[in-house]
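The block underneath contains the structure these notes are about, expressed in structure tokens.
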Amino acid sequence: MNNIYYTLKIYFRNFKKQKLIYSITIGGFALSLAVLVLISSYIIEEKSVDKHFPNIENMYRIKQNDDNAQIPKRMYHTILNVAPEIEKLCLINKKEVLYEYGDEKKTAQAVSTNEEFLDVFSVEILKGKQQNLLQSKSSVLITQKFAEAVFGSEDPIGKIIEFESKEKKEVRAVIANSEETSSLKYDVIFNLDQDMYHSTMGYNEETYYMHDAVFLSNPQADWHEIEKKLSDILKPFEGYNETLLKIQPFREIYFDLKSSNDCYAHANLSMIKLLSLIALIILLLAVFNFVNLTTAFNNERHKEICIRKTSGARNKTVLYQFIKESYLSALIAMMLAVFLANLLAPLFKELFNRELSVFDALKTPQVLIAVISIFFFVGCVTSIIPAFVVSKFNPIDLLQKRTKLKNANIRGVFNTIQILVTISLIICLIVITKQIHYVKTKDVGFNKNFLLEVSLQGKTQAKATEIKEKLLQYPQILDVSGSHGIPFSTRTSSTGSWRNNGLEYRLENITTINTDTSFLSTFGLKLITGRNFRPTDKDAIIINKKTYDHLELDGIEGKSIWNSEIVGVVEDFHFKKMYSEIGLIQLNYSLKYVSHLNIRISGKDIPESLDKIQTTLKEFDPGITFEPRFYDDWINTMYQKEENQAKAIKIYAIMALILSCLGLLGMAEFSTKKRTKEIGVRKVNGAKTAQVLYMLNTDFIKWVSIAFILSCPAAYFFMNKWLENFAYKTDISWWIFALAGLFTLMIAMITVSWQSWQAANKNPVKALRHD
């Protein structure tokens with residue numbers, strides 16, 4: 001007990017003497033631990049996605065070797081015949097559907113599949129029939145959450161819900177909700193034969209209905225052997241002569257960003273990597289600070305240690321004292337970290353878009369082991385190093401100042417690394433912010449000002465032409481176009497071969513937007529050649545210049561694509577995000593199905609214009625959900641992932657800057673105290689305050705300069721790699737590096753100059769009495 005009391009007494013005596021240093025070391029370390037715990041809770045939650053499925057180790061997905069995640073429906077029985085190891089195989093399509101029940105009219109996440117889905121995904125039936133649930137086209141299964149939202153306390157079994165295109169479905173069963181940690185979420189489940197689901201692939205006269213495919217294998221089966229059996233089965237079909245099938249464990253799907261057109265949610269892998277890297281860097285900076293400042297000031301305790309050694313204390317006793325004090329500091333930092341983590345949780349909730357539980361994270365073995373390991377590592381390093389250094393010297397020599405403890409170089413390295421990270425993060429932040437601004441403001445090829453889109457639902461889809469005519473009667477509405485699919489939210493694409501003059505051309509994922517005669521004028525698209533659609537046209541298309549060039553056309557007269565006559569060519573325009581170059585697209589003249597109205601307004605009285613549009617739509621369908629979206633605002637929200645990355649880097653850049661400043665502040669305090677007598681001698685000999693300031697700040701300027709030189713190529717390399725994700729990207733200009741360097745230098749000088757100024761203005765007589 002006396003030993004503990006003695007340790008605490010010495011510890012708090014030193015804390016009182018060095019309040020600033022102890023506050024910096026403990027506070028900085030606590031902040032980094034808090035961030036580590038918060039990020040770890042997010043990453044662990046991401047890693048747990050889909051792990052709740054009981055059969056996850058035997059669940060696999062079939063996809064094409066080009067990472068197309070869908071396969072033709074006609075392959076279902078062939079797959080089961082070729083690979084008897086497959087016990088259950090389900091085909092899946094997913095989309096958002098509109099439903100109507102009484103006065104309720106909303107959207108729901110719907111899955112269309114076959115009966116085996118219930119076994120493969122271990123769906124629990126809570127109420128209703130237990131067998132043959134998905135055999136009828138007019139049946140629907142609903143989740144418990146959906147049932148409560150629509151029916152309240154009523155029994156939903158046998159009730160009729162009306163879905164898109166007036167399709168009436170009878171509720172056959174209530175099923176358990178899809179888990180929050182599932183990559184496949186749904187509210188309702190239909191059988192596979194639904195009119196509202198059309199995912200096709202066309203090759204000349206051949207059309208294939210495409211679906212995601214997931215199977216449950218025999219536990220003893222080797223999935224590599226199954227893959228060998230299925231590999232070539234698509235080759236006999238037209239368009240698939242070079243296509244192989246491959247198998248993917250289901251647990252990998254959430255982190256698979258290559259697959260296209262699948263029905264699963266996917267991880268923001270770049271964000272996870274970014275957060276993991278920066279969290280590690282922040283932690284290292286905090287550890288550097290803790291070790292750097294603690295060892296520096298522990299080494300300055302040589303007078304106390306030497307007196308104890310001359311009084312009979314052994315090296316082991318000194319070492320134990322250092323260990324106990326270091327672990328006490330680390331323990332205080334860890335307790336403070338829990339408090340800070342709770343304080344920072346709302347900030348990280350906005351960043352991650354989910355609740356983060358600090359205590360749940362600390363219960364996780366990985367996080368707990370990491371925190372305990374850091375605790376022991378830091379406590380060990382900060383105690384052993386100064387004790388070992390001091391123990392090497394004769395205590396009489398240390399007391400008489402005949403021996404100096406030299407470790408300034410390693411401290412300079414630590415500080416340089418901290419500043420290097422800070423400058424790099426600031427450069428990355430500027431580049432990402434610049435790129436986001438660039439893609440938001442880049443010309444998209446059509447006039448997006450005062451252009452809005454409105455989704456049509458139910459009755460309004462069949463009345464699109466009448467609604468358009470009614471809207472055009474208002475002077476503030478300049479133009480209206482109905483379409484199925486819109487730029488940045490296309491619905492249909494086709495892949496196949498096209499022949500011209502004996503040559504065969506490959507059309508990969510040519511996008512189709514069904515539209516009317518007003519599409520070009522509403523969007524302000526320019527015709528290069530040919531004409532606009534006419535009301536009398538049948539099977540007519542307008543292609544973009546990219547498609548025209550790809551097909552190496554020398555004119556459009558008499559030309560057609562898959563029996564659709566090419567009547568015009570328009571200038572290229574963006575219909576996908578800036579990650580990819582402008583692709584192939586065809587505008588198809590068709591009024592059979594209209595999903596959107598594109599409306600250009602004058603902009604003179606926007607609220608009145610929106611009111612007129614809403615009033616007109618409600619005349620045709622009083623229950624319609626009116627959610628207009630302006631194209632310019634919508635485009636500004638398309639790069640949320642990058643904006644979240646910028647937000648994350650901004651937070652970490654601030655933290656890195658704080659930690660660097662804390663380290664510089666501590667080292668400035670250490671430096672000025674160490675050179676107190678030298679400052680006094682210089683002042684007595686006529687040195688001015690500015691000269692003393694220059695002398696004290698030279699080391700810090702040197703550290704910033706070295707860090708700047710090293711950070712520029714590193715930051716350029718990583719940002720150049722990041723920009724490769726975009727087909728259209730901004731320049732990495734020289735001023736970005738200059739601005740980051742100057743900003744960091746300015747903050748560093750402000751941080752250390754206060755300590756230097758105080759030391760430079762001390763009475764030299766008092767300074768010479770030091771020690």
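How about segment 626-645: which of its residues are over 10 Å from the mean Cα position of the chain (by Cα) and either of a type outside the set (Ser, Thr, Tyr) or within 17 Å of Ala267 (Cβ to Cβ) (or both)?
The answer is Phe626, Glu627, Pro628, Arg629, Phe630, Asp632, Asp633, Trp634, Ile635, Asn636, Met638.
Name the residue that is farthest from Leu456 (Cα to Cα), counting only residues in segment 90-124 that are hydroxyl-bearing (Ser, Thr, Tyr) and at pLDDT 85 or above.
Looking only at segment 90-124, we keep the residues that are hydroxyl-bearing (Ser, Thr, Tyr), and these are 99, 101, 107, 112-113, 122.
Filter again for at pLDDT 85 or above, leaving 112-113, 122.
On the way: Ser112: 22, Thr113: 26, Ser122: 35 Å.
The residue in question is Ser122.
Inspect segment 464-482 for any residue being small (Gly, Ala, Ser), in contact (Cβ under 8 Å) with a residue 12 or more places away in the chain, under 30 Å from Gly239 (Cα atoms) and touching a His at 6+ places or on another chain (Cβ under 8 Å) and give the result as yes or no.
Just the residues of segment 464-482 that are small (Gly, Ala, Ser), to begin with: 464, 481-482.
Then keep just the ones that are in contact (Cβ under 8 Å) with a residue 12 or more places away in the chain; that gives 464, 481-482.
When the remaining residues are screened for being under 30 Å from Gly239 (Cα atoms), the result is none.
Checked against the condition, which is being small (Gly, Ala, Ser), in contact (Cβ under 8 Å) with a residue 12 or more places away in the chain, under 30 Å from Gly239 (Cα atoms) and touching a His at 6+ places or on another chain (Cβ under 8 Å), segment 464-482 yields no hits at all.
Quick grid of which residues meet (1) assigned to a helix (DSSP H, G or I); (2) β-branched (Val, Ile, Thr); (3) open to solvent by 30 Å² or more (accessible area, probe 1.4 Å); (4) at pLDDT below 80:
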residue: Phe670; (1), (2), (3), (4): yes, no, no, yes
residue: Ile706; (1), (2), (3), (4): yes, yes, yes, no
residue: Ser711; (1), (2), (3), (4): yes, no, no, no
residue: Phe717; (1), (2), (3), (4): yes, no, yes, no
residue: Lys721; (1), (2), (3), (4): yes, no, yes, no
residue: Tyr728; (1), (2), (3), (4): no, no, yes, yes
residue: Phe737; (1), (2), (3), (4): yes, no, no, no
residue: Phe743; (1), (2), (3), (4): yes, no, yes, no
residue: Met749; (1), (2), (3), (4): yes, no, yes, yes
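Can you tell me which condition Lys137 does not meet? The list is (1) buried (at least 19 other Cβ atoms within 10 Å of the Cβ); (2) more than 25 Å from Phe626 (Cβ to Cβ), and all the others hold.
(1)
So which residues in segment 276-294 are open to solvent by 20 Å² or more (accessible area, probe 1.4 Å) and at pLDDT below 70, if there are any at all?
Thr294
Taking segment 601-652 as the search range and keeping residues that are in a loop (DSSP other than H, G, I, E, B) and free of Cβ contacts under 8 Å to residues at least 12 places away in the same chain, which one is farthest from Phe446 (Cα to Cα)? Steps first, please.
Taking segment 601-652 first, the residues in a loop (DSSP other than H, G, I, E, B) are 602-605, 621-628, 637-639.
Of the ones still in play, those that are also free of Cβ contacts under 8 Å to residues at least 12 places away in the same chain are 622, 637.
Values: Pro622: 33, Thr637: 18 Å.
That would be Pro622.
Quick grid of which residues meet (1) modelled with pLDDT under 85; (2) under 28 Å from Lys440 (Cβ atoms); (3) buried (at least 20 other Cβ atoms within 10 Å of the Cβ); (4) not small (Gly, Ala, Ser):
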| site | (1), (2), (3), (4) |
| --- | --- |
| Thr490 | yes, yes, no, yes |
| Ile528 | no, yes, no, yes |
| Thr536 | no, no, no, yes |
| Asp549 | no, yes, no, yes |
| Leu553 | yes, no, no, yes |
| Lys559 | yes, no, no, yes |
| Val567 | no, no, yes, yes |
| Lys576 | yes, yes, no, yes |
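Yes or no, residue by residue, for (1) at pLDDT 85 or above; (2) in contact with a Pro (Cβ under 7 Å, 6 or more places away or on another chain); (3) among the aliphatic types (A, V, I, L, M):
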{"residue": "Gly158", "(1), (2), (3)": "yes, no, no"}
{"residue": "Glu162", "(1), (2), (3)": "no, no, no"}
{"residue": "Ala176", "(1), (2), (3)": "yes, no, yes"}
{"residue": "Glu180", "(1), (2), (3)": "no, no, no"}
{"residue": "Tyr186", "(1), (2), (3)": "yes, no, no"}
{"residue": "Phe190", "(1), (2), (3)": "yes, no, no"}
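In segment 44-61, what residues are among the hydrophobic types (A, V, I, L, M, F, W, C) and either touching a helix residue (DSSP H, G or I) at 6+ places or on another chain (Cβ under 6 Å) or not in a helix (DSSP H, G or I) (or both)?
The initial filter retains those residues of segment 44-61 that are among the hydrophobic types (A, V, I, L, M, F, W, C), namely 44, 49, 53, 56, 59.
Matches in segment 44-61: Val49, Phe53, Ile56, Met59.
Taking the criterion of being over 27 Å from Leu452 (Cα atoms) and of a type in the set (Asp, Glu), would at least one residue in segment 509-523 satisfy it? Before the answer, list the steps.
First pass over segment 509-523, keeping only residues over 27 Å from Leu452 (Cα atoms): none.
So far as segment 509-523 goes, no, none of its residues is over 27 Å from Leu452 (Cα atoms) and of a type in the set (Asp, Glu).
Would you please list the contacts, defined by Cβ atoms under 6 Å and residues six or more apart or on different chains, that run from a residue in segment 171-183 that is under 23 Å from Ile56 (Cα atoms) to a residue that is among the aromatic types (Phe, Trp, Tyr) and assigned to a loop (DSSP other than H, G, I, E, B)?
Every condition considered, the pairs that remain are Ser178/Tyr186; Ser183/Tyr264.
State which residue is modelled with the lowest pLDDT when the search covers only segment 538-547 and only residues that are on the phi < 0 side of the Ramachandran plot and open to solvent by 20 Å² or more (accessible area, probe 1.4 Å).
Of all residues in segment 538-547, those on the phi < 0 side of the Ramachandran plot come to 538, 540-547.
Among the residues that remain, those that are also open to solvent by 20 Å² or more (accessible area, probe 1.4 Å) are: 538, 545-546.
Values: Lys538: 84, Lys545: 89, Lys546: 88.
Going through the qualifying residues, I end up with Lys538.
Is it the case that some residue within segment 248-259 is surrounded by 16 or more Cβ atoms within 10 Å (Cβ to Cβ) and within 11 Å of Gln64 (Cα to Cα)?
Yes, segment 248-259 contains a residue that is surrounded by 16 or more Cβ atoms within 10 Å (Cβ to Cβ) and within 11 Å of Gln64 (Cα to Cα).
Conditions first: (1) on the phi < 0 side of the Ramachandran plot; (2) assigned to a strand (DSSP E or B); (3) in contact (Cβ under 8 Å) with a residue 12 or more places away in the chain. Thr460 passes all but one, so which condition is the exception?
Evaluating Thr460 over (1) on the phi < 0 side of the Ramachandran plot; (2) assigned to a strand (DSSP E or B); (3) in contact (Cβ under 8 Å) with a residue 12 or more places away in the chain leaves (2) as the failure.
Residue by residue through segment 432-458, note down the ones that are in contact with a helix residue (DSSP H, G or I) (Cβ under 6 Å, 6 or more places away or on another chain) and open to solvent by 30 Å² or more (accessible area, probe 1.4 Å).
Thr433, Lys440, Lys448, listed by residue number.
State the number of residues belonging to segment 192-221 that are at pLDDT 85 or above and either out of contact with any strand residue (DSSP E or B) (no Cβ under 7 Å at 6 or more places or on another chain) or over 23 Å from Lys88 (Cβ atoms) (or both).
So the count comes out to 3.
Within segment 593-629, track down each residue that is under 22 Å from Phe575 (Cα atoms) and open to solvent by 60 Å² or more (accessible area, probe 1.4 Å).
Filtering segment 593-629 for residues under 22 Å from Phe575 (Cα atoms) gives 593-601, 627-629.
Scanning segment 593-629 gives Tyr593, Glu627, Arg629.
Quick one: would you say Ile477 is in contact with a helix residue (DSSP H, G or I) (Cβ under 7 Å, 6 or more places away or on another chain), surrounded by fewer than 20 Cβ atoms within 10 Å (Cβ to Cβ) and farther than 24 Å from Ser602 by Cα? Don't jump to the end; show me each part of the working.
Values: in contact with a helix residue (DSSP H, G or I) (Cβ under 7 Å, 6 or more places away or on another chain): yes; surrounded by fewer than 20 Cβ atoms within 10 Å (Cβ to Cβ): yes; farther than 24 Å from Ser602 by Cα: no.
Against the criterion (in contact with a helix residue (DSSP H, G or I) (Cβ under 7 Å, 6 or more places away or on another chain), surrounded by fewer than 20 Cβ atoms within 10 Å (Cβ to Cβ) and farther than 24 Å from Ser602 by Cα), Ile477 does not qualify.
Tell me which residues, restricted to segment 506-561, are part of a helix (DSSP H, G or I) and either touching a Cys at 6+ places or on another chain (Cβ under 6 Å) or not acidic (Asp, Glu) (or both). Break it down stepwise before answering.
Going through segment 506-561, the residues part of a helix (DSSP H, G or I) turn out to be 519-523, 545-550.
Selection gives Phe519, Leu520, Ser521, Thr522, Phe523, Lys545, Lys546, Thr547, Tyr548, His550.
Filter segment 140-161 for residues that are touching a residue at least 24 places away in the same chain (Cβ under 8 Å), open to solvent by 20 Å² or more (accessible area, probe 1.4 Å) and either touching a Cys at 6+ places or on another chain (Cβ under 7 Å) or within 26 Å of Phe53 (Cα to Cα) (or both) and give the result.
Passing the criteria: Gln144, Lys145.
State which residue is modelled with the lowest pLDDT when the search covers only segment 343-371 and only residues that are of a type in the set (S, T, N, Q) and open to solvent by less than 60 Å² (accessible area, probe 1.4 Å).
So the residue we want is Ser357.
The values are calculated or read from the model by the stated rules, or taken from the named source; none is laboratory data. Predicted model, so just to flag it, every value in this text is computed and none were measured. FYI the Cβ positions are ideal-geometry reconstructions off the backbone, even for glycines, and counts take in every protein chain you see. Keep in mind that these areas ignore ligands, DNA and RNA; they rest on the heavy atoms of the full protein, side chains included. Shrake-Rupley method; radii C 1.70, N 1.55, O 1.52, S 1.80 Å.
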